[in-house]
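A short write-up of the structure that comes next.
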Amino acid sequence: MKILSIALNTFRENLRDKLLYNLLVFALLMIGSSVLLSRLTLGEFHRLILDLGLGSINFFGVLIAIFVGIGLVSKEIEKKTIYTIVSKPVARYQFLLGKYLGLTITLFVNTVVMALGLLVVLYAQAVPIEGMLFKALALIFVEFMVITAVALLFSTFTSATLSAIFTLAMYVVGHLTADLQTFGAKMDDLSRGILNGIYYLLPNLERFNLKGHVVHHLEVSGSDLMLIIAYGATYTAFLLFTASLIFHRRDFR
Amino acid sequence: MTPSSDLVVQTEQLSKIFRVGFWGKRVTAVDGLSLEVRRGEVFGFLGPNGAGKTTTLKILMGLIYPTSGTARLFNLDMGDPRAKTRLGFLPESPYFYDYLTSREFLCFYGHLFGLWGAVLGRRVDELLELVGMTHAKDLQLSKFSKGMLQRVGIAQALINDPELVVLDEPMSGLDPIGRKEVRDLILGLKESGKTVLFSSHILHDAEVLCDRVAIILKGRLVACGRVTDLLDQGASHQVELVVDRLTPEGLDHLRPLTDKVVMQGDRMLVVLKSQQQVEGALEIIRTAKASLVSLNPQKGSLEDFFIREVKGHRSPPEKRA
Ligand SMILES: Nc1ncnc2c1ncn2[C@@H]1O[C@H](COP(=O)(O)OP(=O)(O)OP(=O)(O)O)[C@@H](O)[C@H]1O
Ligand SMILES: [Mg+2]
């Protein structure tokens, strides 16, 4: 209950963030503009709308996750609002989870809004809407949850700016981990070992990317989908656990 | 000795060293502080800016960890979650979620104690009444003045009807009426059997409110005890005389006994060093055939005591520098 109260309060706070609306408007504009672009490229018409639409949702969602996520905790410490919460019977991990859950709710609402925008465009352009699209959207949301946890983890021990940089880097590298492994295959043992270590430590964000499947009408089985979701959930739990450990030891000064 | 069950706050050799800047320069904020606050008393925590009051209170609230030493609340170890349910805290110059109205704000904190529904609603109304903010219950905190924030901040600290109320500078930012109201509120808390620990710069308030005070300086305890005892011990009480038509020779005799002489036309104000000088001074005045207009023993104030203590402890390092 305490976690939920903090989450709902965080959600309310997020709703007042202008950044959120700016990013949301941009996302919707991008999704809408895919219609204009597709006019120019007749043959690839459906593919382009889906590709650009899902890409925009992913990109802007990640920006929200990062730029709202890094402020979740640091703003509370900076404004000292955390003093009154931590002196109440709220364990620090509960505070952290509440903040995380709050942003998750925000991101969920945002994803729904952006997805609705995409559906409207698809419908207006008479693009057939397949079940695969919703699986892709679900995984995009799982990726947001992982990224939010990364941002939260960094923000428990570094400044907001550094957290943003680190999280962005993690996002980019997380999408390249597969390349990391192929790259490592050509190297000596030590380098390969290090690259492999990084590969397993970093989140493999490409796993959550089903854009190709949607565009090329490929299927992903239900059990595969569950496996990917379980991977995302485990990774998130690991990140949140680490963040809690760090947060527990820290001074609020 | 007070039995430990009656000790609400207890610190032993508490120290906090901050590391600041790139090189991790050490700043000692609290230095071997041992304090005890007993059940039911109003305890004033005094000291100049940067003395370490806020740091100590933050350690007690579990916001920062001590470098060494221990602190216990209700005879429970640091970090015991049971202590927090019996506690209320108002931070120094608080910032709150300013998009909430005062009602929503208090309800949010109520939820953190598992209070919901009608019970919470009643409690919130009571508290808004208590701090005189009923008129602003549906106003957003972003539209509040500093004093109004301080009041809802105090209400927030009382939401769980705590046994121990810790207030970091509760009077700051309040107008004279507001300060009076907070004083009355603290006395009301004491009356209902609660323990109050507060820090302040306003010594007059501490003097009228507190059963006991502690004065700290550079993180160290320099004095602790009942206000009256502290005032009795250090202070040699001065006496003020007003004398009419004292001859210059008479004044020469009087000078060695005085701290200060102020001429006001024919009259003069004479401040004697202590009560022991009164007899001698009266004798001189009589022989000089001057007339005594008034004689006022000066009650030492906590402020004088404070300034003396702080200056006394400051001078040695200044000499070295
Ligand atoms: N976050 C911090 N980082 C580094 N040093 C700090 C920090 N907070 C306090 N200090 C230092 O610790 C000392 C005590 O500060 P503290 O805020 O406890 O004083 P205070 O008695 O509350 O003063 P005031 O009456 O001005 O509120 C000061 O020298 C201050 O510079
Ligand atoms: Mg202070």
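Flag not set for B:CYS210, criterion: closer than 18 Å to B:ALA51 by Cα, away from ligand 1 (no atom under 15 Å from the Cβ) and touching a strand residue (DSSP E or B) at 6+ places or on another chain (Cβ under 6 Å). Suppose the filter is surrounded by 19 or more Cβ atoms within 10 Å (Cβ to Cβ) and over 25 Å from B:ILE202 (Cα atoms); does B:LEU90 pass it? So B:LEU90 does not fit the description; no. Within the option set B:TYR97, B:TYR109, being out of contact with any Phe, Trp or Tyr (no Cβ under 8 Å at 6 or more places or on another chain), open to solvent by less than 20 Å² (accessible area, probe 1.4 Å) and of a type in the set (Ser, Thr, Tyr) holds for one residue only, B:TYR109. The residue that is farthest from the other protein chains (Cβ to nearest Cβ), among those in segment B:163-179 that are under 16 Å from B:GLY44 (Cα atoms) and away from ligand 1 (no atom under 16 Å from the Cβ), is B:ARG179.
Looking across B:ASP138, B:ASP77, one residue alone is surrounded by fewer than 15 Cβ atoms within 10 Å (Cβ to Cβ), away from chain A (no Cβ under 14 Å), in contact with a strand residue (DSSP E or B) (Cβ under 9 Å, 6 or more places away or on another chain) and without any contact (Cβ under 8 Å) to a residue 12 or more places away in the chain. It is B:ASP77. In the condition set (1) of a type in the set (Ser, Thr, Tyr); (2) in a loop (DSSP other than H, G, I, E, B); (3) more than 9 Å from every other protein chain (Cβ to nearest Cβ), B:TYR99 is compliant with all but (3). When the test is whether a residue is of a type outside the set (Phe, Trp, Tyr), more than 16 Å from ligand 1 (Cβ to nearest atom) and under 20 Å from B:LEU106 (Cα atoms), B:LYS194 does not pass it.
One line per residue, one yes/no per condition, for (1) exposed (fewer than 12 other Cβ atoms within 10 Å of the Cβ); (2) assigned to a strand (DSSP E or B); (3) at pLDDT 85 or above; (4) of a type in the set (A, V, I, L, M):
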residue: B:CYS224; (1), (2), (3), (4): no, yes, yes, no
residue: B:HIS253; (1), (2), (3), (4): no, no, yes, no
residue: B:LEU282; (1), (2), (3), (4): no, no, yes, yes
residue: B:HIS313; (1), (2), (3), (4): no, no, no, no
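Identify, please: which residue in segment A:217-245 is in contact with a helix residue (DSSP H, G or I) (Cβ under 8 Å, 6 or more places away or on another chain) and loosely packed, with under 13 Cβ neighbours inside 10 Å and is, among those, nearest to A:ARG92 (Cα to Cα)? Top of the filtered list is A:GLU219.
Taken as a whole, the structure places A:ILE82 among residues that are assigned to a helix (DSSP H, G or I) and either within 14 Å of another protein chain (Cβ to nearest Cβ) or buried (at least 22 other Cβ atoms within 10 Å of the Cβ) (or both). I'm told B:THR56 meets every condition in (1) part of a strand (DSSP E or B); (2) modelled with pLDDT of 95 or more except one. Can you identify the failing condition by its number? B:THR56 satisfies all of (1) part of a strand (DSSP E or B); (2) modelled with pLDDT of 95 or more except (1). Screening B:LYS146 against (1) away from chain A (no Cβ under 14 Å); (2) surrounded by 20 or more Cβ atoms within 10 Å (Cβ to Cβ); (3) within 25 Å of the chain's Cα centre (by Cα); (4) in contact (Cβ under 8 Å) with a residue 24 or more places away in the chain leaves a single unmet condition, (2).
Residue count for segment B:28-61, restricted to those that are under 16 Å from B:VAL222 (Cβ atoms), open to solvent by 30 Å² or more (accessible area, probe 1.4 Å), polar (S, T, N, Q) and within 14 Å of ligand 2 (Cβ to nearest atom): 1. Is it true that B:HIS111 is at pLDDT 90 or above and more than 10 Å from every other protein chain (Cβ to nearest Cβ)? Against the criterion (at pLDDT 90 or above and more than 10 Å from every other protein chain (Cβ to nearest Cβ)), B:HIS111 does not qualify.
Being open to solvent by 80 Å² or more (accessible area, probe 1.4 Å) and either of a type in the set (Gly, Ala, Ser) or away from every other protein chain (no Cβ under 14 Å) (or both) holds for only one residue in A:LEU50, A:LEU63, A:LEU8, A:LEU29, and it is A:LEU29.
Only one entry of B:GLU163, B:GLU207, B:GLU191, B:GLU169 meets the criterion of being free of Cβ contacts under 8 Å to residues at least 60 places away in the same chain and open to solvent by 20 Å² or more (accessible area, probe 1.4 Å), and that entry is B:GLU191. Residue by residue through segment A:194-252, note down the ones that are among the charged types (D, E, K, R) and part of a loop (DSSP other than H, G, I, E, B). Within segment A:194-252, A:GLU219, A:ARG250, A:ASP251 meet the criteria. Which members of segment B:15-27 meet the condition of being more than 16 Å from ligand 2 (Cβ to nearest atom) and within 10 Å of B:GLY219 (Cβ to Cβ)? B:SER15, B:ILE17 - these are the residues of segment B:15-27 that are more than 16 Å from ligand 2 (Cβ to nearest atom) and within 10 Å of B:GLY219 (Cβ to Cβ).
The values are calculated or read from the model by the stated rules, or taken from the named source; none is laboratory data. Please read all numbers here as calculations on a predicted model, not as lab measurements. No Cβ is skipped: glycine too gets one built from the backbone with ideal geometry, and neighbour counts run over all protein chains shown. Areas reflect the complete protein model, heavy atoms only, side chains present, ligands, DNA and RNA absent. Shrake-Rupley method; radii C 1.70, N 1.55, O 1.52, S 1.80 Å.
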